[in-house]
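This report refers to the structure that appears directly beneath it.
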Amino acid sequence: MTLEVVRTGLPEAHGAMGWTLPGTQHDIAGLPMGEPAGADAPVEAMSIEALETQWREGAVLSPQLLRAMHGPSMGWDVVPGVSVLPLRTPTLLPATHTNAFLIGEDQLLCIEPCGVDADERARLRSWIDAREAKGATLVAVALTHHHVDHVGDAGIAAERGVPLMAHAETAARIDAKVDRLLGEGDAVSLGDTTVRAHHTPGHAPGHLCFVHEPSGTGIVGDMVAGIGTILIEPDGGDMGQYLASLERLQSLGLKRALPAHGGLLTDPNARFAHYRHHRLAREAKVLAALREVGPASARELVPVAYADAPKAVWPLATLSVIAHLKKLEEDGLATALGPERWEAT
């Protein structure tokens, strides 16, 4: 079988509000990145086992490959007690799928019920049904945050008669009824297995990460990922909180991390540290631009602060600049002159 594989030189994160322009070499944060798998990607003939190894090492695999690896409905085990099923979702390019997870062995917790269309929802149900046919039981569904490509199938909890769990900030932003509110350090018991929730706001107010304690594996949602970028939207996002949450994740000592978009991250602390470093470097460019051309709007600052990025990403880069400006204001380094203009303090 001939299948497409592409490895990025420096993969960045992608979230529900993340974005990159296909064909460019930069993401919305201005970070150079490899091309997504596609028509121009290198093609290699590899076994399914070799492809899965590539995914475990962080390779970016095309949507066709994800389907080919394990068939139309079945996911695969990452470590004992942690399984993943990529589902096609209306996320933003170059990501095309969101990862759903089943945690546990006899008792199952579904994290990221992300299917939106009927076919992908059917795949999630087939996956759960296959596990239950082997003696396991779905006992709960949990959400990382409220973005549509993460909660599209949240109704599966009520359908299956199990509790839906989420942070209070997420519960306030979705239509589905949340049965149990989770906060920092709350444990979900699955027989002999403990999954612990950690509140990591910044990308979204109610963002939760989940740690499968037996294996030290983190389900990290849209904090980091294997393809694309994370956009911290000024409406609902908070750059200061996001940076603090990355630091918090570093303190957990995770052995591996599973993002919502892309492959397994085998050195998560290096990834968390890289994101913090890169965001702070971008913040310094925003502040320098404000001192050079301010008072100014975010749109006026982008050509200076994002001079290293293609113009194609500037419209969405404007949102990132606003998030940085709000953090600079909180830090006492900028002053808002109105809803759309700032000056350096």
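The values are calculated or read from the model by the stated rules, or taken from the named source; none is laboratory data. Keep in mind that what you see is a predicted model, and the values were worked out from it rather than measured. FYI the Cβ positions are ideal-geometry reconstructions off the backbone, even for glycines, and counts take in every protein chain you see. Keep in mind that these areas ignore ligands, DNA and RNA; they rest on the heavy atoms of the full protein, side chains included. Shrake-Rupley method; radii C 1.70, N 1.55, O 1.52, S 1.80 Å.
Give me the three principal axis extents of region 276-345 from the C-alpha atoms, as integers in angstrom, largest value leading.
Ordered largest first, region 276-345 gives principal extents of 29, 24, 19 Å.
Can you send over the carbon and sulfur percentage of the accessible area for region 113-163, probe radius 1.4 Å, protein chains only?
Answer for region 113-163: carbon and sulfur cover 53 percent of the accessible area.
With a 1.4 Å probe and all protein chains left in place, how much of the accessible area of region 182-262 comes from carbon and sulfur atoms, in whole percent?
Here it works out to 40 percent.
Which value, in Å², gives the accessible area per residue of region 82-141 when a 1.4 Å probe is used on the protein heavy atoms?
33
Just tell me which aspartates and glutamates come within less than 12 Å, Cα to Cα, of Lys285; anything on the same chain fewer than 8 places away is out.
Filter leaves Asp308.
Counting heavy atoms of the protein chains only and a 1.4 Å probe, report the per residue accessible area for region 212-270 as a whole number of Å².
29
If packing is taken as the mean number of other Cβ atoms within 10 Å per residue, what is the order of 81-90, 200-209, 218-227, highest first?
Packing order, densest peptide first, comes out as 218-227, 200-209, 81-90.
Convex hull over the alpha-carbon atoms of region 73-153: what's its volume per residue in Å³?
Cα-based convex hull of region 73-153, divided per residue, equals 82 Å³.
Between Lys177 and Arg299, what FRET efficiency follows from the Cβ-Cβ distance if R0 is 51 Å, with the result rounded to 0.05?
Computed FRET efficiency for Lys177 and Arg299: 0.80.
Net charge within 11 Å of Glu343 by Cβ-Cβ distance, Lys/Arg positive one each and Asp/Glu negative one each, not counting Glu343 itself?
The answer is +1.
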